[in-house]
Amino acid sequence: MIGKELVKKRLLFGIEKYEDVSMSSFCTMRVGGKAEMVCFPKSICALKRVCKFARREKMRLVTIGAGSNLLFGDDEFFGVVVGLKNLKPVIKSRHNLLYCSAQTMLSRIAEFAKEKELSGLEFATGIPAQVGGAVVMNAGAFGSSMADIVRRVLVLCGGKTKWINAKDCRFGYRTSIFKQHEMIVLGVELCLTHRQKDEITKTMIAYSRRRQVSQPKGFSCGSVFKNPPETYAGFLIEKAGLKGARVGGAEISSKHANFIINTGNATVKDVKDLIKLVQTVVFEKFSIELQLEIEIIGENYDDTRRLPHT
Ligand SMILES: Cc1cc2nc3c(=O)[nH]c(=O)nc-3n(C[C@H](O)[C@H](O)[C@H](O)COP(=O)(O)OP(=O)(O)OC[C@H]3O[C@@H](n4cnc5c(N)ncnc54)[C@H](O)[C@@H]3O)c2cc1C
């Protein structure tokens, strides 16, 4: 125990660190219990120390991006949550290639690309994600996704940095190799195409308008369920009469039925109970099992991915 305390103190150097802190402030739905330790290292070297510490102490490790697809259960998470917000921000382009550090917000990259007359990121307008999280999730919209533009990904794996080429990223519908294996995404190289700034702007404005019309404001995680083959989760939930359904402070949006909104005082239990209700009713009516798109730490999340890695 004393040993652990000493290690914790040494960790403070170059790391913004919190203990027993509520994860609700780090997730866009603003719900969630506490985490034993949350670290924001200020350099790659400090990040490596956090990973080494977690490995040595046999603590689980979760990397968090903007927290827009992630919830932590109401019970305390025993492990280390690591975020990259304090690392040196990098965003640069050469010809049609754009490199950015993992913690860069997608919207910022989309704006940067637009200024450089580089096309491919228009779909990302309005996705409140870091590019690292967007790669892990293969985030997408309007018929495009990260898989279409990623050339290679820089990761930290087993204490070493290495590049992973797009073809080895195993991108699928809201998934990638990074969902199965614990690697920390440090940076992303995107391959874009030339397009006039005016044209890019027009597309981005059109996509923003479509979002404003179809998506609710408020604390959410975006789409809760993946779309089943050949239909939309939101359509099924709406047809099941569940728009506006509520458990505690969690509510199915009456604007977009695949969004759950924290109306102010929701707990993760409320959200989980509402998810179960939706899955049960949709299955009864359509014999379709809705799968979660969001990740609930301690629930649908693959624990083997977070075990101390070698
Ligand atoms: C209003 C709203 C609209 C949305 N619209 C869309 C949309 O149109 N399309 C879409 O696909 N999604 C959408 N989302 C969901 C969400 O933005 C995406 O899933 C996004 O990719 C999550 O990125 P993040 O940085 O928030 O990651 P987080 O939610 O923090 O994490 C997601 C996963 O990535 C892992 N992770 C994050 N960063 C790293 C890293 N650097 N290294 C390794 N692992 C990491 C986490 O451990 C977790 O497994 C929306 C969400 C909201 C709130």
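Quick note: the coordinates plus some simple rules give every number you see, no bench work behind them. Computed from a prediction, not measured in an experiment: that's the story for all the values here. Methodologically, a virtual Cβ is constructed for each residue, glycine included, from the backbone with ideal geometry; neighbour enumeration extends over all protein chains shown.
Partners of residue 255 within straight-line reach, counting aspartates and glutamates whose Cα lies under 13 Å from its Cα and excluding those fewer than 8 residues away in the same chain: 238.
For the residue pairs 42/226; 42/272; 42/92; 58/226, the C-alpha atoms sit more than 28 angstrom apart in 42/226; 42/272; 58/226. Under 11 Å from a label point set 7 Å out along the Cα-to-Cβ vector of residue 163, the amide N atoms of the range 136-151 belong to 151. Computed FRET efficiency, Cβ-Cβ of residue 12 and residue 226, R0 35 Å: what is it to the nearest 0.05? That gives a FRET efficiency of 0.30.
Taken over the Cα atoms of the chain, the convex hull encloses 127 Å³ per residue. Here, the range 115-172 is characterised by an Rg to Rh ratio of 1.00, where Rg is the alpha-carbon radius of gyration and Rh the Kirkwood radius.
With the convex hull drawn around the C-alpha atoms of the range 2-86, the volume per residue stands at 81 Å³.
The simple Förster model, with R0 at 22 Å and r as the Cβ-Cβ distance, assigns residue 199 and residue 92 a FRET efficiency of 0.45.
When the alpha carbon gyration tensor of the range 189-310 is reduced to an equivalent ellipsoid, its three semi-axes come out at 29, 22, 16 angstrom, largest first. P(r) tail for the range 91-201: Cα pairs beyond 18 Å make up 43% of the total.
Between 104, 165, 120, the Cα set farthest toward the positive side of the dipole of the range 91-201 (charges on each charged residue's Cβ, about the Cα centre) is that of 165. For the chain, relative contact order (Cα pairs under 8 Å, six or more residues apart, normalised by length) works out to 18 percent.
The range 135-182 and the range 17-59 have Cα centres lying 22 Å from one another.
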